[in-house]
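S.K.: Got a structure here, written out as structure tokens. Questions coming.
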Amino acid sequence: MDWTFGLALLVGFAPVFLMMDWVLKNYTYPRVENPFFRDTTFFGMLTVGIVAGAAMFIFLRVFQILEQPLAIIYMILMAMVELMAMVVIMNLKRFRGNSDSIFYGYGLGLGMAGGMATGFAYILCMVIADPEIEANVVDPFTIAVYVIGLSVSMTLIFGSCGTNIGEGIARHIPMQFVLQAAIPLVAYNMLLAVLWTSEGVMFYVLIIAMVAVGAFYFHKCLFRNLPRIIREVLKMNGQKRDDIPKAR
């Protein structure tokens, strides 16, 4: 296997599995006797998300969206396409009104992040590996920051937005939560559009801003709000659990 693709897979999916373990370990065995979701369904949604994320990346590259003069406008529209794709995938009868749909939305978002981040990592690693490009033209440190920053920030933002969509499906009001998720994702995509052509200090400022936006929304959705959301959806269905983790 091409080492660049292997490295891209590692960088693209390492944050995905780290964030997956960090959040889900509090909602499954052995932390709780009865898990809040089914592993098979979660990993099925993760796989679907990977395919969707890879398709989104291919679309961006084929039509060179980030290279266009109106890249910011196109990326705003892209944010809505990404969210509506999540709704279409999640809007099945089996997911509606169920508290575990929140976790499946999280898995879908993580998968999309992994698929997209791997694509970006691959093309950027190819730049380093290209012998025709002079070493003084490409800074390996800058590329490394680029790749890692994109992977981490995408995992945070798409994981959060997927959780938002999952909540909307669980509450039977997905479009209301699409609008909630659109605010941070539009902001993130606008930063990504500017980052693609930025240089110098601005490049590092934008990377930090993207990670910060993702981290803030991730903490809000997955640590501060998730326990309350599960409790409310269970109550809506006439159910109750005493082993829901506390908000952090």
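The values are calculated or read from the model by the stated rules, or taken from the named source; none is laboratory data. Please read these numbers as outputs of a predicted model, since none were measured by experiment. Counting neighbours? That spans all protein chains shown, and the Cβs are built from the backbone with ideal geometry, glycine included. Keep in mind that these areas ignore ligands, DNA and RNA; they rest on the heavy atoms of the full protein, side chains included. Shrake-Rupley method; radii C 1.70, N 1.55, O 1.52, S 1.80 Å.
S.K.: With +1 assigned to the C-beta of every Lys and Arg and -1 to the C-beta of every Asp and Glu, and no other charges, what is the dipole magnitude of the chain about the Cα centre in debye, to the nearest 20?
M.R.: The dipole of the chain has a size of about 1540 debye.
S.K.: Still on this structure: Once label points are set 7 Å from the Cα along Cα→Cβ at both Lys235 and Met84, what is their separation, rounded to one decimal in nm?
M.R.: Calculated label separation equals 3.5 nm.
S.K.: Cα centroids of segment 45-77 and segment 224-243: how far apart, whole angstrom?
M.R.: Cα centroid of segment 45-77 versus Cα centroid of segment 224-243: 35 Å apart.
S.K.: Which whole number of Å³ per residue matches the convex hull of the alpha-carbon atoms in segment 205-248?
M.R.: Per residue, the Cα convex hull of segment 205-248 comes to 52 Å³.
S.K.: Based on DSSP loop calls and a cut-off of at most 11 other Cβ atoms within 10 Å, the longest stretch of the chain free of exposed GluC sites (Glu not before Pro) is what?
M.R.: 34-131
S.K.: How do 21-29, 50-58 rank on mean C-beta neighbours within 10 Å, highest first?
M.R.: 50-58, 21-29
S.K.: One quarter of the convex hull surface, Cα atoms only: what value does that give for segment 157-246 in nm²?
M.R.: Working: hull surface 25.1 nm².
With the hull built on Cα positions only, its mean projection is 6.3 nm².
S.K.: Another question, then. At 222 nm, what helix-only mean residue ellipticity would the chain give, in deg cm²/dmol to the nearest 500, using -39500 (n - 2.57) for each DSSP H run of four or more?
M.R.: Taking each H run of at least 4 residues, the total per residue is -25000 deg cm²/dmol.
S.K.: How big, on average over all directions, is the shadow cast by the Cα convex hull of segment 76-216, in nm²?
M.R.: Quarter of the Cα hull surface area: 8.6 nm².
S.K.: Place the peptides 157-163, 93-99 in order of packing, highest mean first, counting for every residue the other Cβ atoms within 10 Å and averaging per peptide.
M.R.: Working: 157-163: 31.0, 93-99: 15.0.
Packing proxy ranking, top to bottom: 157-163, 93-99.
S.K.: Build a GNM of the chain with springs between Cα atoms under 10 Å: which of Pro140, Pro184, Pro174 gets the top mean-square fluctuation?
M.R.: Pro140
S.K.: On average, how much accessible surface per residue is there in segment 47-201, in Å², for a 1.4 Å probe, leaving out ligands, DNA and RNA?
M.R.: I get 42 Å² per residue for segment 47-201.
S.K.: Based on the inverse mean of 1/r over its pairs of different Cα atoms, what is the Kirkwood hydrodynamic radius of segment 1-119, in Å? Working shown, then result.
M.R.: On the way: mean 1/r = 0.0642 Å⁻¹.
Evaluated on segment 1-119, it is 15.6 Å.
S.K.: Next up: Once the Cα gyration tensor of segment 167-215 is found, what semi-axes does its equivalent ellipsoid get, as square roots of 5 times the eigenvalues, in whole Å, sorted largest first?
M.R.: Numbers: eigenvalues 180, 19, 6 Å².
After scaling each eigenvalue by five and taking roots: 30, 10, 5 Å.
S.K.: Over the chain, with every protein chain in place, what whole percent of the accessible area is carbon and sulfur at 1.4 Å, could you tell me?
M.R.: It is 67 percent, rounded to a whole number.
S.K.: Rank Ser101, Ala55, Ala85 by how far each Cα sits towards the positive end of the charge dipole of segment 1-105 (+1 on Lys, Arg Cβ; -1 on Asp, Glu Cβ) and give me just the farthest.
M.R.: Ser101
S.K.: At 0.890 mPa s and 25 °C, plugging the Kirkwood radius over alpha-carbon pairs of segment 35-85 into Stokes-Einstein gives what diffusion coefficient in µm²/s? Display every interim value, and only then the final one.
M.R.: Details: Rh = 12.6 Å.
This corresponds to a translational diffusion coefficient of 195 µm²/s.
S.K.: Report, ordered by chain and residue number, the lysines lying within cross-link reach of Lys235, taken as a straight Cα distance under 19 Å and ignoring same-chain residues fewer than 8 apart.
M.R.: Lys246
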